[in-house]
Amino acid sequence: MKILILGGTQEARELAHIASDERGFDIVSALAGRVRDPRLPEGAVRVGGFGGADGLRQWLVASNIDAVVDATHPFARTISANAARAAADAGLPLLHVRRPGWSQRPGDRWIRVPDLAAAATTVAGLGDRVFLTIGRQGVGAFAEQTEQWFLIRAIDPPEGALPPKRELLLARGPFEVEDESRLLGRHRIDVLVTKDSGGDQTDAKLVAARAAGIPVVMIDRPALPRDAIMSETVSETWAWLCAQRGRG
C-alpha cells in the first residue's frame, strides 16, 4: 500500500518511522520546502509544492498513491485544503492529523484571537516589548506597529515587511522552561504572541509566561476542510492506515 504523508511535523516523522519497519507499506513523505534545513523523516522524501490541488491530484494518480495522510502544521491551511480537494477528486481516503491544542491553566492570561490581523491589533495595547513566536510567515502583519519593540523568533529569517523596532532570534525547539524564563527577563518582554500549535516542542514559553504573569495573545487554528476525518495521535493514525490496508 503506497501512502503519501504530507509532513514537516513531529507526528509525520514518527509515522514514517513506524511505517518504515512495517511490511506492506510504501511511504513517501512530502515537505513544503519552506524551511532551509528541515528534519527529514525516514524513507523516501519529496520536497517542494505540487502546483495546487490539481497538481497534487495529478501527482497522486501518477504515483499510484492509495491513501493520503495530512500531517502538516495545524496552521498549514492551504495545503490541507488542497489535500482534501485532491484526494476527493482522485477517490482516495484522507486523514488529517492534528495534535490537541494547548489548554489554558490557572494563572494563564490568554487573549484568544482568530487570526494574525486580530493579533496585531490586540497586541498594540498590551505592552511596549513583544515576543513574536509565530514562525517567519505572518510577521508582516505586525510591520505597521511602529511604537512597539519586537523580539522575533523563527527557524529561518522572515521575508517581506518587518516591524521597524525589532531583534531577530533564529532558533529551533524544543525549548526548556528555564531558558524561556531567562529570555523573557533578559529582553524585558511585556507580552507573548503565539499560535495554538499544541504539542510539547514549544510549550515551555507558555509556562514561562505564566510564571512571569505575562499576557499571551493566542491565535486560534484555522478550521479543517468540511467533512474532514481527523486523528489526534500517531497511534490513531497508524490504526487508520492499517485499516485502510485491510480494505485494500
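The values are calculated or read from the model by the stated rules, or taken from the named source; none is laboratory data. Keep in mind that what you see is a predicted model, and the values were worked out from it rather than measured. Here Cβ is always computed from backbone atoms with ideal geometry, including for glycine, and neighbour counts include all displayed protein chains. For the accessible areas, the whole protein counts, side chains as well, though only heavy atoms, and no ligand, DNA or RNA atoms are used. Shrake-Rupley method; radii C 1.70, N 1.55, O 1.52, S 1.80 Å.
Just name the residue that is least open to solvent (accessible area, probe 1.4 Å) out of those in region 172-225 that are of a type in the set (Lys, Arg) and without any contact (Cβ under 8 Å) to a residue 60 or more places away in the chain.
At the first step, the residues of region 172-225 found to be of a type in the set (Lys, Arg) are 172, 182, 186, 188, 195, 205, 210, 221.
In the following step, the residues that additionally are without any contact (Cβ under 8 Å) to a residue 60 or more places away in the chain were identified as 172, 182, 186, 188.
On the way: Arg172: 87, Arg182: 136, Arg186: 151, Arg188: 143 Å².
Looking at residues that are of a type in the set (Lys, Arg) and without any contact (Cβ under 8 Å) to a residue 60 or more places away in the chain, I get Arg172.
So which residues in region 114-124 are more than 22 Å from Leu183 (Cα to Cα) and outside any helix (DSSP H, G or I)?
Listed by number, the residues that qualify are Pro114, Asp115.
Which one is most open to solvent (accessible area, probe 1.4 Å) among residues in region 128-140 that are farther than 20 Å from Ala223 by Cα and either among the hydrophobic types (A, V, I, L, M, F, W, C) or modelled with pLDDT of 95 or more (or both)?
Selected residue: Asp128.
Return the pairs, sorted by first residue and then second, in which the second residue is assigned to a helix (DSSP H, G or I) and open to solvent by 60 Å² or more (accessible area, probe 1.4 Å), the first residue lies in region 42-53 and is basic (Lys, Arg), the beta carbons are less than 8 Å apart, and the residues are 6+ apart or on different chains.
none
Can you tell me which residue in region 226-248 is least open to solvent (accessible area, probe 1.4 Å), limited to those that are assigned to a loop (DSSP other than H, G, I, E, B) and of a type in the set (Val, Ile, Thr)?
Thr233
Give region 189-247 a look and list any residue that's farther than 23 Å from Pro114 by Cα, under 19 Å from the mean Cα position of the chain (by Cα) and aliphatic (A, V, I, L, M), or say none.
Within region 189-247, just Val234 meets the criteria.
For region 36-67, name all the residues that are among the aliphatic types (A, V, I, L, M) and over 18 Å from the mean Cα position of the chain (by Cα).
Ala44, Val45, Ala53, Leu56, Leu60, Val61, Ala62, Ile65, Ala67
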